[in-house]
1. Just checking, does segment 189-201 include any residue being in contact with an Asp or Glu (Cβ under 6 Å, 6 or more places away or on another chain) and within 17 Å of Gly33 (Cα to Cα)?
2. Taking Gln112 as the residue in question, decide whether it is surrounded by fewer than 20 Cβ atoms within 10 Å (Cβ to Cβ), touching a residue at least 12 places away in the same chain (Cβ under 8 Å) and more than 19 Å from Thr196 (Cβ to Cβ).
3. Taking segment 168-191 on its own, how many of its residues are in contact (Cβ under 8 Å) with a residue 60 or more places away in the chain and charged (D, E, K, R)?
4. Taking the condition of being surrounded by 22 or more Cβ atoms within 10 Å (Cβ to Cβ) and either of a type in the set (A, V, I, L, M, F, W, C) or over 17 Å from the mean Cα position of the chain (by Cα) (or both), how many residues in segment 138-158 meet it?
5. Only one of (1) in contact with a helix residue (DSSP H, G or I) (Cβ under 8 Å, 6 or more places away or on another chain); (2) surrounded by 20 or more Cβ atoms within 10 Å (Cβ to Cβ); (3) not aliphatic (A, V, I, L, M) is not met by Gly33, so which one is it?
6. So which of Ser75, Ser44 ends up being more than 22 Å from Ala156 (Cβ to Cβ), surrounded by 17 or more Cβ atoms within 10 Å (Cβ to Cβ) and among the small types (Gly, Ala, Ser)?
7. Based on what the data block shows, is Leu15 touching a residue at least 12 places away in the same chain (Cβ under 8 Å), more than 29 Å from Ala156 (Cβ to Cβ) and over 16 Å from the mean Cα position of the chain (by Cα)?
Amino acid sequence: MSLVRVEGVTKEYMLGEQKVVALHDITLSFEEGVFLAIAGPSGSGKTTLLNIIGCIDTPTQGKVFIDGREVSGLSSNELADLRARTTGFIFQTFNLFPVLTTAENVEYPLLQLPEISKEARRKRVKRYLSVVGLEKYAHHTPSQLSGGQRQRVAIARALAINPRIVLADEPTANLDSKTGEGILALMKQINREFGTTFIFSTHDRHVMSMADRLVRIEDGHVAMLAMKVDDKWKAARAGRSEPRPQEMTP
């Protein structure tokens with residue numbers, strides 16, 4: 001059974017008096033443990049698709065299933081509870097609370113889960129700060145950290161709830177290339193060691209090259225699906241057209 005499945009998903013919204021169709025009849029499924037990139041240029045619909053998978057947004061038409069459960073018709077409170085328990089988020093702007101320490105930022109999502117005790121929260125924070133190599137920075141505020149360190153805090157915060165899925169929106173966009181490569185390597189290591197599903201939205205070729213699966217979105221349509229076999233991309237299914245050769249090697 002797929003961990004994530006979207007069926008016939010269309011997303012429309014109004015821009016002034018003009019109706020914009022961000023996604024057109026998207027059907028996809030992702031297995032647990034994938035390291036997957038949703039790629040495409042700005043305005044292609046990739047972030048909209050990521051937000052729908054993360055239950056931040058809802059489709060205009062179609063259905064979304066998380067671990068076999070249809071979530072399309074859930075209330076906003078039910079969606080919030082689902083997000084809090086199943087999905088970690090990593091944003092390109094880090095989205096850390098500037099007045100909180102590193103440890104407090106990592107602990108914050110756990111405060112929404114009353115069944116987790118204070119001692120259990122402390123242990124989780126310590127564990128995941130260790131995973132991202134920031135034990136010595138537990139009492140630093142974001143202003144005292146580099147961009148790469150802030151993104152590591154965001155990764156630890158995403159992992160703190162023990163999520164089934166981590167969604168990352170352009171996670172390397174605000175980092176230099178060397179730091180970005182280190183962050184990607186860390187997330188790939190976490191994916192391999194913990195089996196956590198990672199789904200990215202990106203137009204960064206370095207992010208695509210690290211992925212095991214690739215979904216290319218163009219103008220709200222699935223233009224290509226591919227999987228990596230022996231470090232080479234193999235088209236799994238084409239959408240409107242066959243993938244061009246240059247698309248096969250991100």
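Each reported figure results from applying straightforward, stated rules to the coordinates on display, with no laboratory input. Worth saying up front: this structure is predicted, and the values here are computed from it rather than measured. Glycine also receives a Cβ, built like all others from the backbone with ideal geometry; neighbour counts cover every protein chain displayed.
1. Yes, the conditions are met somewhere in segment 189-201.
2. yes
3. Looking only at that region, the number is 3.
4. So the count comes out to 5.
5. Condition not satisfied by Gly33: (2).
6. On the way: Ser75 fails: surrounded by 17 or more Cβ atoms within 10 Å (Cβ to Cβ).
None of the others qualify; the one that does is Ser44.
7. Working: touching a residue at least 12 places away in the same chain (Cβ under 8 Å): no; more than 29 Å from Ala156 (Cβ to Cβ): yes; over 16 Å from the mean Cα position of the chain (by Cα): yes.
For Leu15, the condition - touching a residue at least 12 places away in the same chain (Cβ under 8 Å), more than 29 Å from Ala156 (Cβ to Cβ) and over 16 Å from the mean Cα position of the chain (by Cα) - is not met.
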